[in-house]
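S.K.: One structure is given below, represented as structure tokens, and several questions about it will come after.
The values are calculated or read from the model by the stated rules, or taken from the named source; none is laboratory data. Please read these numbers as outputs of a predicted model, since none were measured by experiment. The accessibility values were calculated without ligands, DNA or RNA, using every heavy atom of the protein model including side chains. Shrake-Rupley method; radii C 1.70, N 1.55, O 1.52, S 1.80 Å.
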Amino acid sequence: MNENNQLRDVFNVIADPTRRRLIRLLAEAEELPLHELTAQFQMGRTAVSKHLTIL
């Protein structure tokens, strides 16, 4: 994979507002259990886990 594809992939991942919010929450707390992260969103634990996997 070349550098342009890697940059494109990174920007595609962080284009999602849910993922940007996850990044911010984790950066502020450094570590949060999944159940605490899930409480911050109107989605289930599985959906939050999928977003974390993509990140």
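S.K.: Looking at the range 14-33 only, could you name the residues that are aliphatic (A, V, I, L, M) and either open to solvent by 100 Å² or more (accessible area, probe 1.4 Å) or not in a helix (DSSP H, G or I) (or both)?
M.R.: Listed by number, the residues that qualify are Ala15, Leu32.
S.K.: Against the conditions (1) open to solvent by 80 Å² or more (accessible area, probe 1.4 Å); (2) under 10 Å from the mean Cα position of the chain (by Cα); (3) hydrophobic (A, V, I, L, M, F, W, C), where does Phe11 fall short? Just the number, please.
M.R.: The single condition Phe11 does not satisfy is (2).
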